[in-house]
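Structure first, commentary second.
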């Protein structure tokens, strides 16, 4: 699948569904995992979590290929919306994703 704003990694394989009934996943040695770094503190927490999970995967003989996808502030900058369909499609296609904290847009106060 090609994306407008998402750059898939050069290596890695998709996580697939091994058994639909049980929901068991088939995780390859080098899975592609979408990551939303997040907003505010998420800009620090997301990459730190990515480093920890990469080290944990390497300790089990696996290697993670990360694919940054967008939601929240970064999505508004790139797509002019909080959760673009491209992000949802990428997560659906790769089955597993991680996200950092996101800001919650506040609606304007009603005229009470």
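Each reported figure results from applying straightforward, stated rules to the coordinates on display, with no laboratory input. Because the structure is a prediction, the values reported are computed rather than measured.
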Helix 85-94: inclination vs the chain longest Cα principal axis, degrees, rounded to 10, gives 20 degrees
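Compute the normalised compactness of the stretch 16-99: alpha-carbon radius of gyration over 2.2 N^0.38 Å, N being the residue count. Intermediate values should be presented prior to the final figure.
Working: Rg = 14.0 Å, N = 84, 2.2 N^0.38 = 11.8 Å.
Computed over Cα atoms of the stretch 16-99, the ratio equals 1.18.
What does the extension gain come out to for residue 92 and residue 14, with contour length at 0.36 nm per residue minus their alpha carbon separation?
On the way: separation 78, 0.36 × 78 = 28.08 nm, distance 1.07 nm.
Value of the extension gain: 27.0 nm.
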What helix-only [θ] at 222 nm does the chain give? Using -39500 (n - 2.57) per DSSP H run of at least 4, over all residues, to the nearest 500, the answer is -9500 deg cm²/dmol
Length-normalised contact order of the stretch 16-99, Cα under 8 Å, at least 6 apart, in percent, tallies to 36 percent
For the chain, the longest principal axis of the Cα atoms and the Cα long axis of helix 42-59 enclose an angle in degrees, to the nearest 10, of 10 degrees
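Give me the orientation-averaged projected area of the Cα convex hull of the stretch 25-72, in nm², one decimal. Intermediate values should be presented prior to the final figure.
Details: hull surface 14.2 nm².
For the stretch 25-72, averaging the hull's shadow over all directions gives 3.5 nm².
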